[in-house]
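Below is one structure, written out as structure tokens; the observations come after it.
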Amino acid sequence: MNQKRRVRWPWVLLVIILILAALAVAAELVTRAVLPGIARGIVIEQLALPADQQLDVEASGVLLPQVIGGRLDELHLSTDSVTIGGITGSADVTAIGVPLRGGDLTDASGTVRIDQEQFTHLIAASDLLIDEIRFSEPDVTASGSFSVFGVPVPISATVTPAADDGELLLTPVGAQIGGVTLNAAEIADRFGTAAAWITEPQRICIADQLPAGLTMTGLEIDGAEAVIDIDVDGAIVTDPALQQNGVCS
């Protein structure tokens, strides 16, 4: 009889291992099904987004050990439309080291895509005399007017947008005044400082239109959209000051 028990024991152990493995798989499946909804709720609450905000959430790796440890290795968030600060566009963000019991993110970065109208809003607060923006990859055509002896003069400048030290940088590559193409020297000779913005690189602070916890690190035109790369301060989920729009000095 003892011999029979010894023979059965490995099979009993195998069955126990299989049961534990099945339970682990089931727990992983439950965690993967439930966790995105929990993470979505946390993000919406912390960033004061609308309750019905469309937000897709996907976690990477085996989740159960991460949940037990209280921190997710990587969390990918995406939405087709979200308003961040005063700008509305689609967004894709990847967060690293996401705490499940409170605390700061280890790191986060992503991209925001906006259309011509939103890009115009982005620079509307500047002192530049711009009324309309049109995209022409990789450049932007900015149209407006300025006054010479009380007479409005229409202007159009083609500029290459970029990000530099968190600010929007517009570098002129061509210009028309009153429908006539002129180079920088000719514009300066005829109109002086009144048209300086279309002959010299212009820096535009947009910190007051974005949460203080976001920093623009890159910008390029991709078809009908401006693609903005952002870096996210990990403390934005716990520090209300970083969730409010920044300031321009």
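The values are calculated or read from the model by the stated rules, or taken from the named source; none is laboratory data. Predicted model, so just to flag it, every value in this text is computed and none were measured. We place every Cβ from the backbone using ideal geometry, glycine too, and count neighbours over all the protein chains shown. Side chains are part of the model used for accessible areas, which takes the heavy atoms of the whole protein and leaves out ligands, DNA and RNA. Shrake-Rupley method; radii C 1.70, N 1.55, O 1.52, S 1.80 Å.
Assorted remarks:
- One decimal place: the segment D131-A162 gains 9.2 nm when fully extended, by the rule 0.36 nm per residue minus the C-alpha distance.
- Restricted to Cα atoms, region 55-135 shows a radius of gyration and a Dmax of 17.4, 56 angstrom.
- Two-site FRET efficiency, E186 against R71, from Cβ-Cβ distance with R₀ of 51 Å, rounded to 0.05: 0.25
- Between Q46 and D92, the C-beta separation translates, for a Förster distance of 25 Å, into a calculated FRET efficiency of about 0.85.
- Label-to-label distance, S143 versus T171, with points set 7 angstrom from Cα along the beta-carbon direction: 2.6 nm.
- Point-charge dipole on Cβ atoms (K/R +1, D/E -1) for region 34-139, about Cα centre, debye to 20: 560 debye
- Solvent-accessible area per residue in region 102-226 equals 49 Å², computed with a 1.4 angstrom probe and all protein chains kept.
- Hz values of 3J(HN,Hα) by residue in region 72-83 - Karplus curve (6.51, -1.76, 1.60), Gly and Pro given as x: 8, 5, 8, 10, 9, 10, 8, 8, 6, 7, 8, 9
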